[in-house]
């Protein structure tokens with residue numbers, strides 16, 4: 001489904017890694033590992049098309065993502081380090097905006113309720129705690145219907161219970177034939193789904 | 001060829017020689033700036049080298 | 001043709017190629033400057049109206065021409081860098097900007113020196129000088145943007161986009177200033193204002209052309225010098241630069 | 001797909017307008033700045049009606065230019081900081097159209113209020129009656145171009161230190177044709193000439209800017225987020 005061939009990335013002029021190849025099939029979760037500065041975030045942003053790779057190709061369903069960006073982007077949900085929440089907008093409004101950009105029917109209120117944030121759903125997000133903000137941002141995973149999730153450090157600032165809830169969400173998504181690529185310093189273990197790991201150290 | 005007349009430039013000496021002097025300065029500064037830029041890059045690279053010699057891959 | 005381009009488009013080969021070329025071009029520049037200055041200062045006759053001060057034209061016109069030419073090189077190299085992601089083109093744009101800015105400044109200074117005897121003031125809002133001033137701001141904007149961005153790749157591509165927008169706007173700015181100048185210009189100054197194009201007598205035309213070519217070759221020399229420095233900077237993580245620095 | 005585009009543009013516009021409604025200070029500041037800059041000239045130059053009448057159009061336009069510049073960082077920098085700009089870039093909808101939507105929102109919250117306030121300030125500068133219509137029309141044609149070109153500058157200088165001053169240095173030279181023909185139109189109308197030529201040129205700039213500048217803004221956003 002997602003095939004990466006001989007990918008090379010740089011930060012500024014400093015080469016990070018090269019000849020990186022891997023592929024991901026529906027129902028698989030890829031856990032990217034590597035020390036800070038090894039290029040994990042750069043790789044994620046390159047997979048999304050935010051950054052340009054120095055070399056190599058990224059194919060989605062056999063077609064290079066450069067050829068039909070709109071098609072690939074409509075299949076992708078990316079959550080980066082920042083929560084992408086505007087402080088003056090409520091949780092609902094932020095999620096509605098994101099869903100609307102991907103022309104998806106927005107069920108923000110129910111998604112936030114499921115994530116246990118029903119009470120704070122209509123508060124401006126600047127009033128929420130760091131953990132609540134992160135869970136609001138991650139609630140986007142309940143709103144989107146995109147098959148490919150690319151998540152940068154999703155588990156940070158989450159307490160044990162929310163981590164379990166999130167991992168259960170991952171399980172459901174994989175069950176529906178979704179794909180997940182994430183980075184995390186904690187180890188990720190799903191009840192009944194294999195977790196592939198890829199370390200950026202060697203490349 | 002009367003040199004004093006030549007330098008007087010028909011009374012426009014300040015403006016003519018001012019322009020040619022400005023041109024000379026600009027051309028010279030360009031060369032000096034280019035050379036200094038190269039030296040500063042070389043110094044930067046030497047520092048980079050001493051910083052992490054092995055990492056120069 | 002394409003493999004020739006490819007061979008020399010690689011920064012490493014270009015670095016050596018430039019190293020060989022610079023002394024020769026420097027020699028040509030010196031010769032051309034000598035001929036141009038000799039013709040301009042000694043052989044060319046004084047103008048019946050402006051007297052000897054017409055000799056300023058041999059610096060002002062080539063400098064003004066270079067200020068425009070270098071901005072075209074800037075925008076062209078930027079476009080190539082943006083579209084084909086050719087690292088060498090990005091570096092050419094970054095290296096060309098300060099040279100272009102210096103020529104623009106020279107054109108302004110000599111324009112003011114040339115205008116003073118006629119206008120009685122060091123600065124007059126003459127259409128050409130005003131356009132030249134705005135061009136200087138475009139250069140300074142380009143260099144300021146490049147200086148403000150740390151990541152060289154983003155700096156080069158942001159600068160390239162700005163240069164492309166600038167180059168599209170230059171004719172519009174020139175046209176607007178021309179129009180604005182004819183509206184607000186008191187009649188007396190505009191009659192003398194055709195400084196840039198007095199009747200071009202052959203004996204004036206030759207030094208003008210030679211000086212223009214001399215400036216262009218000079219630009220090539222300094223551009224190559226700056227490019228070599230840019231190449232070392234942008235390729236600092238490669239093997240070949242590491243060896244060069246050790247030697 | 002096009003219905004998706006329309007909803008995306010609509011919600012980008014609605015989002016920025018609700019944000020502007022929730023923080024009226026952001027809308028008010030450029031307006032107050034506009035008024036203050038205009039009132040500086042009688043203090044700095046002279047309260048003489050004859051002098052101010054000559055200065056009027058130019059002062060109004062320069063002040064409008066600077067007020068627009070002041071408000072440009074509001075366009076992208078907040079979204080760049082909290083990461084929602086990446087959502088915009090990663091939307092399947094064409095980025096140029098979304099960038100145009102944000103620029104339109106910026107113009108509605110900056111350019112339009114400037115236009116509505118300008119007659120009041122024109123009275124302070126003794127602008128002749130004949131010129132008010134032209135002032136409004138010229139600003140109506142000119143301020144969108146200021147927002148469009150300014151948006152490219154704002155996108156290029158995202159996240160840079162000294163962004164405000166740098167943005168002005170990048171954008172002001174590109175504003176000169178708008179200033180020349182904008183002020184020229186009002187001056188012509190004030191002295192009884194027809195401002196038609198100036199206004200038609202301003203209209204031409206607007207059409208060309210609308211057609212091409214959003215693509216440049218999209219390219220600038222991609223470059224800044226690379």
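Per-structure values
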quantity: Shape parameters for segment C:200-247, alpha-carbon atoms, Rg then Dmax in Å; calculated: 18.6, 56
quantity: Computed over chain C: relative contact order in percent, which uses C-alpha pairs under 8 Å that are six or more apart; calculated: 34
quantity: Rounded to whole Å, sorted largest first: equivalent-ellipsoid semi-axes of the protein assembly as shown, Cα gyration tensor; calculated: 53, 37, 18
quantity: Value of relative contact order over chain A, rounded to a whole percent, pairs C-alpha under 8 Å and six or more apart; calculated: 30
quantity: Chain A: most fluctuating residue of A:101, A:155, A:76 per GNM, C-alpha cutoff 10 Å; calculated: A:101
quantity: Spatial separation of Cα centroids for segment D:101-129 and segment C:18-60, in angstrom; calculated: 53
quantity: Cα centroid separation, segment D:186-224 to segment C:139-175 (Å); calculated: 20
quantity: Shielding by other protein chains, B:21-32, mean Cβ within 10 Å; calculated: 6
quantity: With eigenvalues of the C-alpha gyration tensor scaled by 5 and rooted, segment D:138-179, Å; calculated: 21, 10, 6
quantity: Compactness of segment D:9-121, expressed as Rg and Dmax over alpha-carbon positions, Å; calculated: 17.2, 58
quantity: Candidates D:89, D:120, D:37, ranked by Gaussian network fluctuation over chain D, Cα under 10 Å, top entry; calculated: D:120
quantity: On Cα atoms only, tilt of C:127-148 relative to the major axis of chain C in degrees; calculated: 20
quantity: Peptide A:84-96, shielding by other chains (average Cβ, 10 Å cutoff); calculated: 4
quantity: Reciprocal of mean inverse Cα separation for segment D:1-73 (Kirkwood radius, Å); calculated: 14.8
quantity: When the convex hull of its Cα atoms is projected in every direction, mean area for segment B:11-51 (nm²); calculated: 2.6
quantity: Stokes-Einstein D (µm²/s) once Rh is taken as the Kirkwood radius of chain A over alpha-carbon pairs, at 10 °C in 1.306 mPa s; calculated: 91
quantity: Reference-scaled alpha-carbon Rg (2.2 N^0.38 Å with N residues) for segment D:2-225; calculated: 1.04
quantity: Share of alpha-carbon pairs per 10 Å distance bin for segment A:82-145, given as whole %; calculated: 27, 62, 12
quantity: Acute angle (nearest 10 degrees) that the helix D:2-22 long axis makes with the longest principal axis of chain D, alpha-carbon atoms; calculated: 60
quantity: Angle between chain D longest axis and helix D:131-156 axis [Cα atoms, degrees, rounded to 10]; calculated: 30
quantity: Chain C: most fluctuating residue of C:121, C:110, C:29 per GNM, C-alpha cutoff 10 Å; calculated: C:121
quantity: Kirkwood-based shape ratio for segment C:23-246, expressed as Rg/Rh from alpha carbons; calculated: 1.03
quantity: Over segment D:67-160, equivalent-ellipsoid semi-axes from the Cα gyration tensor in Å; calculated: 32, 13, 9
quantity: For chain C, calculated [θ]222 nm from helices alone, where every DSSP H run of n ≥ 4 adds -39500 (n - 2.57); calculated: -28000 deg cm²/dmol
quantity: Spatial separation of Cα centroids for segment B:1-24 and segment D:4-58, in angstrom; calculated: 53
quantity: Relative contact order of chain D, pairs being alpha-carbon contacts under 8 Å that are 6 or more residues apart, as %; calculated: 26
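Throughout, read-outs are computed from the coordinates displayed, never taken from laboratory work. Since this is a predicted model, take the numbers as computed values, not measurements. Quick reminder, even Gly has a Cβ in these numbers, built from the backbone with ideal geometry, and neighbours come from all protein chains shown.
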